[in-house]
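Report on the structure given below.
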Amino acid sequence: MIFDLELILDSIPQMLMGLGLTLQLLFLSLALGTALAIILLLMRISGRWVLAAPAMAYIYIFRGTPILVQIFIIYYGLPQLELVRESILWPILREPFGCAIVALSLNTGAYVSEIFRGGVLGVDRGLKEAASALGLSARQRFIYITAPIAIRLSLPAYSNDVVSLMKSTALASTITLLDMTGIARTIVAETYAPYEVFLSLMVIYLVLTWMIQRSFGWIEKRMSRHVRSEI
Amino acid sequence: MEVLTGWWDDFFWGSLVVVKLFFVALILTVLFGLIGSAAKLSKNRVANAIANGYTIVFRGTPEILVLLLFYFGSAIALTALAQVFDPDVKFVDFPPFWAGSLAIALIIGSYATETFRGAFLGVDSGQIEAARALGLSNLQTFIYVRIPAMWRLALPPFGNHMLSLIKDTALVAIIGLEETLFVAEQAIGYTAKPFTLYLVVGAIYLGFSTIITLTVMLCEKYANRHLEIAK
């Protein structure tokens, strides 16, 4: 077993061709998933049973099943239903890219909404009481007091979720998409050199993970600068 | 539901494979987690570096990539090894069950390493000192004092790791192990009802997740039973 250095140097640029797709999957589903998470969060903390129950059921189902199964249900499963084939969403759900985005967003939304809920619950009650004593309405309290603190509290967990979303984008390769993992699998099928190809791809993913963690570390530091200056 | 006629037993055996995979990987996960956290907490620099490298690599790369590397990589390594003894051997396959459980256990084990490390650090140092004062040896302190106290702290996050573990078992279908997702793929070949069949897989996994969540809740109650009286 000797490492084929030439193959490594040859395959890395090929795999990096899929970086764009990986990043597209990451950022699009992160944006959509976060928006969904906010809606789910508001439903859960609304205090109204009719809103909270569906949100809880949604979170329970999407956190309780493997993302791979969710991707397969959406990509392979939904076209079975005539309702879906005739709906306006069909142009999106017909393409593997659209399906991957939908599946990743729906999945990450469930996780992120739980993270945000933890942040909202972590906000000191005294602050909310002070805000209502100052005469702020419930909506003002949420926007000006709860949300900024909750965002800061949920950032560390959120950054972990971004990393795991980035790792989940690799599953798009199972529905024929040629992201970095998809390209790597094609190369391995041709050359049968899993060590060289997969190990170099793991290094690429590690760099991505590192970059995500570094940027969130920077944002966290910035958002808690008032805490640091007190010390 | 008539779609499922004749496939019930296959789904049953597939679920059994998931359960077997879960328990084998769970035991290995605890093992890797304990070894990893011990290495991280030790004063030995080499052990520290290895454990840090381990957690960085396995927490920062996509699960599917680790799995593919283990499956294809081990086949190549085994073939090379077999050819040393018998040059006529063309190909030796590593059983997907073991490649899968090893890969999943290493991934979840890297998360467990961090959890256990934090939990060991969370054990009150007064308890350790008390154990020393009572004349307990290092090993006795570890087994009778550190482990029970640490376990209580580690249980809630470890429950989440178990949920990730059961969901990651779905990935093993990609390397051809006959678990539920694989059974569904075969059934779809006959019935052309992907939506129904993948939903069945999702329901099976949701059932497993629910069982794990409830078990962890019971375990937590049991672990904290001495605190109930104090309330």
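Read-outs throughout are calculated quantities, based only on the coordinates presented, and are distinct from any laboratory measurement. This one's a predicted model, so the numbers in the text were calculated from it and none came from an experiment. Positions of Cβ are backbone-derived with ideal geometry, glycine not excepted, and every protein chain shown enters the neighbour counts.
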Please state which of the following conditions residue A:99 fails to meet, knowing it meets all the rest: (1) within 11 Å of chain B (Cβ to nearest Cβ); (2) touching a residue at least 40 places away in the same chain (Cβ under 8 Å).
(1)
Scanning the range A:90-133 residue by residue, the ones that are of a type outside the set (A, V, I, L, M, F, W, C) and over 30 Å from residue B:195 (Cα atoms) total 10
Are there any helices (runs of 4 or more DSSP H) wholly within the range B:176-231 with 3 or more residues that are in contact with a Phe, Trp or Tyr (Cβ under 9 Å, 6 or more places away or on another chain) and closer than 29 Å to residue B:98 by Cβ, and if so which?
B:180-191, B:194-223
Among (1) hydroxyl-bearing (Ser, Thr, Tyr); (2) buried (at least 18 other Cβ atoms within 10 Å of the Cβ); (3) away from chain A (no Cβ under 14 Å), the one test that residue B:144 misses:
(2)
By residue number, the members of the range A:129-162 that are in contact with a helix residue (DSSP H, G or I) (Cβ under 6 Å, 6 or more places away or on another chain), of a type in the set (A, V, I, L, M, F, W, C) and within 25 Å of residue A:217 (Cα to Cα) are A:145, A:150, A:153, A:155, A:157, A:162
Failed item in (1) within 13 Å of chain A (Cβ to nearest Cβ); (2) surrounded by fewer than 20 Cβ atoms within 10 Å (Cβ to Cβ), with residue B:198 passing the rest:
(2)
When the range B:19-38 is examined, which residues are found to be over 28 Å from residue B:178 (Cα atoms) and crowded, with 20+ Cβ neighbours inside 10 Å?
B:36, B:37
Applying the selection to the range B:108-147, what residues are more than 27 Å from residue B:25 (Cα to Cα) and among the charged types (D, E, K, R)?
B:124, B:129, B:132
